[in-house]
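Step one of this worksheet: look at the structure below.
The values are calculated or read from the model by the stated rules, or taken from the named source; none is laboratory data. Here the structure is a predicted model, which is why all the values come from computation and not from measurement. Because the Cβ atoms are built from the backbone with ideal geometry, glycine has one as well, and the counts that use them run over all protein chains shown.
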Amino acid sequence: MSRRDRKEELETARNMLKGWIRAEEAVMTGQEYRMGTKTLRRADLNMIAERVNYWKAEVNRLKGVSHMRVRQVVPRDI
């Protein structure tokens, strides 16, 4: 996967996480929240929490991949 693909995937994961967090906040205040054709209500809070956890883990995984660097160290006598 190219660096650009990983960056786009990370951006998507971050946007999904933000959306699910907004849904969680709306449900916690007693409101409904719409995502496309699905309406989420207070009874769906467990499902929303699962999705928040999933996207947090996905963002962390992608951040780890995108920031992984290999460095070579060459010892020298001074």
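Filtered by the rule that a residue be over 16 Å from G64 (Cβ atoms) and either touching a Lys or Arg at 6+ places or on another chain (Cβ under 7 Å) or not in a helix (DSSP H, G or I) (or both), region 11-28 gives W20, V27. Could you please tell me which pairs satisfy a Cβ distance under 7 Å, a separation of 6+ or placement on different chains, a first residue in region 6-34 that is among the β-branched types (V, I, T) and surrounded by 17 or more Cβ atoms within 10 Å (Cβ to Cβ), and a second residue that is at pLDDT below 95 and assigned to a strand (DSSP E or B)? Between residues of region 6-34 that are among the β-branched types (V, I, T) and surrounded by 17 or more Cβ atoms within 10 Å (Cβ to Cβ) and residues that are at pLDDT below 95 and assigned to a strand (DSSP E or B), the close pairs are V27/Y33; V27/L40.
Number of residues in region 35-64 that are surrounded by 11 or more Cβ atoms within 10 Å (Cβ to Cβ) and not in a helix (DSSP H, G or I): the value is 3. Taking region 22-47 as the range and being under 27 Å from K7 (Cβ atoms) and of a type in the set (A, V, I, L, M) as the test, the residues that pass are A23, M35.
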